[in-house]
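What follows is one structure encoded as structure tokens, with my remarks underneath.
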Amino acid sequence: MDPIHFEALLTKLKVLLGLPVTETDKDVQLSFALNFTIDGIKNYCNISDIPEQLENTLLLIAKDYYLNQFVAPATAGEGEKNVQSIKRGDVQFTFFADAKQGVEGTAFIKSYATQLNAFRRLRW
């Protein structure tokens, strides 16, 4: 992907996240999320270039990945708690450590499978 097109996608991603376009302190994390998503889509679909029709899906996946990996649960929404124990008589719940929000790794790509399958090519 050429650098001009990548910068345009990075700017769109900042707008989607509500970040100022001129702010550059999160560019490394945003670029990683974008590159991770581009590579994941290319591998999932078995294609060498991202078609223009997939750019919006690319941005949505990158946004979800960025929010999951780089934004603290306090700012992304209330973190879920893992249940350590449950007592049914006299109702007792015990919670401990925050649960990891969302999914890990390439599972982000697979959660958008319906949009990506139209561009998927068979491997031999």
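The values are calculated or read from the model by the stated rules, or taken from the named source; none is laboratory data. In this text, all values refer to a predicted model and were calculated from it rather than measured experimentally. Cβ atoms come from the backbone with ideal geometry, glycine included; neighbour counts cover every protein chain shown.
Can you find a residue in region 89-101 that is in a helix (DSSP H, G or I) and either within 15 Å of the chain's Cα centre (by Cα) or at pLDDT 90 or above (or both)? For region 89-101, residues in a helix (DSSP H, G or I) and either within 15 Å of the chain's Cα centre (by Cα) or at pLDDT 90 or above (or both): absent.
Screening region 12-61 for residues that are touching a residue at least 60 places away in the same chain (Cβ under 8 Å) and in a loop (DSSP other than H, G, I, E, B) and picking the one that is surrounded by the most Cβ atoms within 10 Å (Cβ to Cβ) gives 47. Scanning region 103-124 for residues that are modelled with pLDDT under 85 and small (Gly, Ala, Ser) gives 105, 107.
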